[in-house]
Amino acid sequence: MTHPLFEKHRTLLEEAQAAITRRTHWTPYPENPRVYGETALDEGAQAFEAYRDAQFYVDQPGVQGRGGEEASPYGLPLNISYPCCAPDALVAAAHSAMLPWVRAGIDARTGVCLEILARLNAGSAEMAYALMHTTGQSLHLAFLTGGPQAQARGLEAMAWAHREMSQVPQQAEWQRNTSQRLEKRFMVAPQGISLVIGSATQPTWNAYPALFASLATGNPVIVKPHPTAILPLAITVAVARQVLKENGFDPNLVTLLIGNPDGPVARDIALKPEVRLIDYSGAPDFGHWLLDNARQARLVVETGGVNCVLVDSTYDYKALLKNLVFSLCLDSGQLRATPRTIFVSREGIQTPEGLIAEDQFCRDLAFALGKFLEAPQRAVEVLGAIQSPATVARIAAARDLAEETADILRDSSPISHPQWPSARVLSPLLIRAQADQKSFYMEERFGPMATLVSTVNTAESLALAEATMREKGALNFLVHTTRPHVQQLAEDVALRRGVALSFNLTGAVLINQPAGFADFHASGANPAASCGMIDAAFVANRFYFSQVQQHYLPPSSIDWVVDL
């Protein structure tokens, strides 16, 4: 008999499984805040206010004190403290909780996870404010990507997980002849404790696939948020624990790990032998450390890379410029899929209006960016605020370097936010470099920065783009061209380097907004990420099939065995 929550959400799961097969547009959770009620955003703001200047409550074992160092990029004081628990206590509690969860079966686990997602979806407005004031996203973007779209990613991972777990029957009868007859039982068994290390700029969007893929496949999950973006994942853990408890499961299947700012808690727990799965999205330095040191665990590490744009020719020059401006400005370039390097040939860009010289393209892109920023009310809704002061320092360092040896097409400057005067908002920095100045473009400068690279011709642009993506990794590759042979060459590059390729994007379709249930985010085929997300491989390594078999022997065979 299936679990009641599985039956409650069965239709949604079946629709999700159909969607991952079709790869067409499908949105499981409404993306318009008004669908959640005319007053949903007001109620979400009130719920968020209740967290400020307060102690966040999570009833977990091993509490050693309280901590938290979040600061809103919009200048709003938060003053939220969280329980700091001993990692060993959380590991022990996870082990104790695991076996009943595993024996509950595939459908029970899936049903409970689907209910957790339903509760999170109902609280999307509350989550939007939590994300806005920890990551710097605008309220609209925080609601969209951190709420319904993040939840959809969790559902997508579960659709894959349920399908992969259901490939093998629970019981089978195996018989070769009258004396060789076996009853075999199969059970999905977890790898062990899963550690999900949250990112600073996209905590829910990055964490939900790992959280729900691990939990649905039987693995207890310890969630370690980034120290500057704790609240969104703390809310997630609290909701998950409540649903687990209501359904008779140990809530310590999902726990929150808050580190002491003075101690390397993430590094310590990542090396524990009980931790068998680690998911991480963030800065390359720590990602590489995990790959080098956490050898006991299976790792899914996404560190981004240098996403390249190649401009050769276009059907619509103005639409190309507008699309690039929006892509560069979205969330102040704080998305791993943001374009970082734009290659353009000195031979010029062919358009319906004639040939556009490379110098003119550089001026036009800078001008288009300036026109967009002329309306601060509109601009800040796209830019949001910069999450970390380290990003501001990164902009300053890039500017200093460009002033010495390259050209600054448009400098980065502060923008006054109409609603939040203390918000940390800066316009994007546009740099122009030459093909031999690799230090400018063969490095991911996370934040609102981009480099235009002048090349001899399109062939050199393709070669440099491929070399950049080979060495530094990339999630996507955007090519503007109307020439079939250039398209074919670009497809060859994308295939060799394992990047998602897009041609001639204009309008509202942005390169840094992958679509759930349609797009594969990363491939695992280049240094940007160690695994594709989300596909069968993303979930399949989180479990194995445990086998029990029993031998049935006829009486004559039994006598024969006894004689031996």
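The values are calculated or read from the model by the stated rules, or taken from the named source; none is laboratory data. Quantities reported herein were computed from a predicted structural model and do not represent experimental measurements. So basically every Cβ, Gly included, is an ideal-geometry build from the backbone, and we count neighbours across all protein chains shown.
Quick notes on this one:
- Once segment 28-87 is narrowed to residues that are acidic (Asp, Glu) and part of a loop (DSSP other than H, G, I, E, B), the residue that is farthest from Ile415 (Cα to Cα) is Asp59.
- Criterion: touching an Asp or Glu at 6+ places or on another chain (Cβ under 8 Å) and modelled with pLDDT of 95 or more - qualifying residue of Ile342, Ile349, Ile386: Ile349
- Cross-chain or 6+ apart pairs with Cβ under 6 Å, segment 1-25 first and on the phi > 0 side of the Ramachandran plot and exposed (fewer than 12 other Cβ atoms within 10 Å of the Cβ), then of a type in the set (A, V, I, L, M) and not in a helix (DSSP H, G or I): none
- Considering segment 143-246, the qualifying strands (runs of 3 or more DSSP E), each wholly inside and each with 1 or more residues that are of a type in the set (Gly, Ala, Ser), run over 171-177, 180-190, 193-197.
- Some residue of segment 486-502 being part of a loop (DSSP other than H, G, I, E, B) and within 25 Å of the chain's Cα centre (by Cα): yes
- Within segment 531-547, residues that are surrounded by 19 or more Cβ atoms within 10 Å (Cβ to Cβ) sit with their Cβ atoms under 7 Å from residues that are modelled with pLDDT of 95 or more and basic (Lys, Arg), at 6+ positions apart or across chains, in these pairs: Ile534/Arg153.
- Any chance Thr338 is under 20 Å from Lys472 (Cα atoms), among the β-branched types (Val, Ile, Thr) and not assigned by TED's automatic domain parsing to the domain that holds Val91: yes
- Of all residues making up segment 312-332, the number that are over 20 Å from the mean Cα position of the chain (by Cα), under 26 Å from Met132 (Cβ atoms) and of a type in the set (S, T, N, Q): 1
- Criterion (surrounded by fewer than 21 Cβ atoms within 10 Å (Cβ to Cβ), assigned by TED's automatic domain parsing to the domain that holds Glu374, small (Gly, Ala, Ser) and outside any loop (DSSP other than H, G, I, E, B)) met by exactly one of Ser416, Ser439: Ser439
- Scan of segment 453-471 for residues that are part of a helix (DSSP H, G or I) and touching an Asp or Glu at 6+ places or on another chain (Cβ under 7 Å), ordered by number: Thr458
- Candidates Ala89, Ala94: the one that is surrounded by 14 or more Cβ atoms within 10 Å (Cβ to Cβ), more than 25 Å from Gly147 (Cα to Cα) and free of Cβ contacts under 8 Å to residues at least 40 places away in the same chain is Ala89.
- Scanning segment 123-142 for residues that are in a helix (DSSP H, G or I) and among the polar types (S, T, N, Q), we see that the one that is nearest to Arg378 (Cα to Cα) is Thr135.
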